Amino acid sequence: MGRVGTGAWIIAFTAVIGLSRQASAGEGLWSVGLRTQGFYDFEPGQDLFMGPEIGYSNYHLASHKLQLKAAYLTSRLEQSFRSNILRQDYFLFSPMWHFRRNNFFDPTLQTDLGYWRFDTEILGDAVANDSWLAAVQVGFSLNLFQGEYGLNYHFGYNFITPESSMILPGVFGVEFWGML
């Protein structure tokens with residue numbers, strides 16, 4: 001699979017910023033958080049990724065029920081205390097639909113679209129080291145302190161699994177977030 005051009009990323013992030021700019025002051029809700037995501041493989045190593053996430057919702061986007069999120073996830077933290085862990089990076093755009101946004105327990109549906117790559121130091125150039133991603137996840141959000149902070153849990157299925165078998169079909173995630 002070929003490399004993703006810089007132009008494609010610029011267009012994607014410009015679209016996200018463009019959607020968020022349509023709101024007037026006071027209507028948009030921004031959130032930041034720490035996202036952890038992994039695969040169901042029950043083997044130690046190379047299956048847990050974490051990183052920062054930023055989210056945006058607007059009253060004009062279905063009354064805040066649609067939240068647009070972007071995340072950078074990596075295995076570099078796990079690699080720092082385990083040997084032979086590949087350095088993997090995930091760049092994700094994750095629209096999330098909240099069914100009961102203002103309640104303590106909020107069922108959610110999330111789609112992950114993005115790009116994945118790993119460094120070829122351990123495996124060499126024998127396999128493709130990048131791929132597109134597409135996953136669907138269901139879960140719930142716990143809105144704490146009147147929605148100022150929260151916890152998301154979700155699990156789902158990856159539709160694109162590359163030939164390298166580095167991305168497995170079962171996926172889960174946990175996120176801690178806070179409103180800005």
- Message: I need VAL171, VAL136 ordered by Cβ neighbour count within 10 Å, fewest first.
- Response: VAL136, VAL171
- Query: Tell me, in nm to one decimal, what length is gained between LEU144 and PHE81 on full extension, where the rule is 0.36 nm per residue of separation less the Cα-Cα distance?
  - Reply: 19.4 nm
- Task: Quick one: what are the phi-derived ³J(HN,Hα) couplings along the stretch 86-99, Karplus 6.51/-1.76/1.60 with θ = phi - 60°, whole Hz, x for glycine and proline?
- Result: 5, 7, 10, 10, 10, 10, 10, 10, 10, x, 10, 9, 9, 7
- Query: Per-residue HN-Hα couplings for the stretch 65-70, Karplus 6.51 cos²θ - 1.76 cosθ + 1.60 at θ = phi - 60°, whole Hz, x for Gly and Pro?
  - Reply: 6, 9, 10, 9, 10, 10
- Query: So how do MET179, MET50 line up by other beta-carbon neighbours within 10 Å, fewest first?
  - Reply: MET179, MET50
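Please arrange LEU66, LEU73, LEU144 by counting, for each residue, the other beta carbons lying within 10 Å of its beta carbon, fewest first.
Ranked by crowding around the Cβ, least crowded first: LEU144, LEU66, LEU73.
Quick note: the coordinates plus some simple rules give every number you see, no bench work behind them. Remember, predicted model here, so these are calculated numbers, not experimental data. Backbone-built Cβ (ideal geometry, glycine too); neighbour counts: all protein chains shown.
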